[in-house]
Each structure stands twice: as structure tokens, then as C-alpha cells.
1. For the stretch 188-249, which trypsin sites (Lys or Arg not before Pro) are in a loop by DSSP, counting at most 14 other Cβ atoms within 10 Å?
2. Which whole-number percent gives the relative contact order of the stretch 2-248, counting Cα pairs below 8 Å spaced six or more residues apart?
3. Just to check I understand the Karplus step: with θ = phi - 60° and J = 6.51 cos²θ - 1.76 cosθ + 1.60, what whole-Hz values come out for the stretch 198-214, glycine and proline as x?
4. Can you give the charge dipole size of the chain about its Cα centre, rounded to the nearest 20 debye, using +1 on the beta carbon of Lys and Arg and -1 on the beta carbon of Asp and Glu?
5. Taking 0.36 nm per residue of sequence separation and subtracting the Cα-Cα distance, how much length would be gained by fully extending the chain between M249 and S136, in nm to one decimal?
6. Could you give me the ³J(HN,Hα) list for the stretch 152-165, computed from phi with Karplus coefficients 6.51, -1.76, 1.60 and θ = phi - 60°, whole Hz, x at Gly and Pro?
7. To the nearest 0.05, how large is the calculated FRET efficiency for N83 and L63 if R₀ is 41 Å and r is the Cβ-Cβ distance?
8. Largest first and in whole Å, give the semi-axes of the stretch 22-122's equivalent ellipsoid, each being the square root of 5 times a Cα gyration tensor eigenvalue.
Amino acid sequence: MRRALITAIAAIAFAEPASAAQEVQRVRYDISLYGLQIGRAIFESHFEGPGFAVAGRFESAGLARVFDRTNGTVTANGWLNENESRPNQYTLEYTSGDERTKATIRFADGAVNEAEYKPEPKKRDDWVPVEREHLSRVADPVTALLLPAEREADVCRRTIRVYDGSIRADLELEPAQGDENFRDASVTCRARFVPVSGYRKGHSSIAYLRDRSRILIGFEPVQGRGVYSLARASIATKIGTVHIRGHRM
């Protein structure tokens with residue numbers, strides 16, 4: 001469960017890109033559970049032409065830091081076109097207590113070219129292996145949440161294919177309804193988590209995210225780019241609903 005939360009935080013704590021070429025924007029994200037802060041992140045985004053580069057750092061906070069001291073960094077770069085975000089390279093490094101984790105993914109032509117995840121997850125009898133065909137037309141967790149769209153109505157009508165170096169999963173998006181919509185986001189999507197491979201069939205946290213979780217993701221347009229980036233999110237987990245909210249710096 002802890003690794004799933006860290007991956008989600010690293011992906012969702014993604015700073016909204018600058019609105020003009022060569023501009024830089026910094027955003028602070030606060031992560032809370034039951035109204036208590038459990039994490040924070042600061043991200044910096046650079047855009048120039050069709051290329052983008054994102055770098056950020058995150059850490060546990062509040063009571064969560066007393067019980068589980070986590071510190072990490074994440075970077076991603078790639079290109080944007082009219083229909084999708086194309087990743088080039090992604091790196092995630094963090095320590096949680098005495099455990100150190102590092103993931104590196106390199107992409108080529110929209111597919112994973114090379115991936116390393118240390119330490120490797122323990123593979124039991126119910127392990128679903130990652131096959132080569134699972135790794136085409138995928139993006140890392142950061143790039144996956146940059147959504148090119150000409151209209152707000154198009155943002156949520158898609159499936160995001162995500163690979164973090166270990167688990168391969170889809171996020172099936174559809175427009176949120178009624179009171180599901182965030183007031184401080186232009187577009188809110190309801191997301192369904194669908195594990196594909198790189199996980200244990202019997203893992204209770206994965207089963208909860210797949211079968212019971214309510215996931216909402218809010219997006220804002222990036223001015224002049226035809227791209228929508230993350231504004232807010234809420235993710236229902238076994239231990240409660242994690243809320244993530246951004247603040248421009």
C-alpha cells in the first residue's frame with residue numbers, strides 16, 4: 001500500500017506547466033488523509049516548443065513523518081503532440097525508513113525501451129508478469145497526466161496506459177457527474193483503476209483500487225498549448241481517502 005501511495009503522490013503532485021515557452025512554474029502540493037497533512041511536494045516545470053521537462057521533490061509530513069519518514073525526487077521529460085504526451089525518460093528515487101527505491105524508464109517510439117526497478121518486487125505464485133506487449137503506447141506516471149485536448153469535453157474520454165517500472169495499469173477516464181466535480185478545476189474526471197501486470201492477484205490494496213476505489217482527478221488547461229494538466233485529486237484507499245491540492249508559488 002505504501003508504494004502505491006508514493007507512486008500516486010509522485011504522479012499526481014505534478015506542477016502545472018508554464019504558459020509560455022521557456023517559462024518556469026513552481027507549484028506546492030499538499031497531501032492529506034482524514035484532514036491531516038501526510039505529505040508535501042514542490043515541482044518545477046519547463047516547457048520549450050513541443051518539449052517538456054519536470055523535476056520535483058516530495059516528502060512525508062505531519063504525523064506520517066513520525067511513523068514513516070519518506071523523501072524522494074522524480075523527473076520526467078518528453079514531447080507533446082496533438083493527441084498524446086510522448087515520454088522520453090522517467091526517474092523516481094525515494095527512501096522510506098531504511099528502504100531505498102529507484103525506478104528508471106527510457107522510452108522509444110512510444111514504447112518502453114529499457115526499465116529498471118530496484119529493489120525488485122517479491123514475485124509469489126499469484127504474480128502477474130509484465131509482458132512485452134503490455135509496454136507499447138504507455139507513459140510514465142508523470143507524463144501520463146499531461147492530456148492534449150482541443151475541448152474540455154475531450155479531456156475525460158480516454159484511457160491512460162501507465163507503467164512505473166514495476167506495475168502496468170490503465171486509468172479509464174470518464175466525465176465526473178454532479179457533486180463529483182471539483183469547484184477549483186475546469187474539468188473533473190472519474191477514473192477507474194485497471195491493473196494489467198506487474199502485481200499480485202491476491203494483493204488486497206490492488207483489489208481495493210480496482211473494485212472499490214472512488215478516484216477523481218481535476219484538470220486545468222495550460223494556456224495556449226491545448227493541453228490539460230493536473231489541478232486536484234482524491235483517491236479512496238483501504239486506509240481512507242487521500243486528497244491532493246496544488247498551490248502556485
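What follows is calculated from the coordinates using simple rules that are stated; it is not laboratory data. What you see is a predicted model, and the numbers here were worked out from it, not measured in a lab. In this analysis, Cβ positions are derived from the backbone assuming ideal geometry, glycine residues included, and neighbour counts consider all displayed protein chains.
1. Working: sites: R190, R192, R200, K201, R210, R212, R214, R225, R232, K238, R245, R248; in loops: K201, R212, R214, R225, K238.
Of the trypsin sites (Lys or Arg not before Pro), the ones in loops of the stretch 188-249 whose Cβ has at most 14 other Cβ atoms within 10 Å are K201, R212, R214, K238.
2. 18 percent
3. x, 8, 8, 4, x, 6, 5, 5, 5, 4, 5, 4, 6, 9, 10, 5, 9
4. Value, rounded to 20: 760 debye.
5. Working: separation 113, 0.36 × 113 = 40.68 nm, distance 3.62 nm.
Full extension of this stretch gives 37.1 nm more.
6. Listing the rounded values in order: 4, 5, 8, 4, 8, 9, 6, 10, 9, 9, 10, 9, 9, x Hz.
7. Working from the Cβ atoms, E equals 0.45.
8. 28, 20, 10
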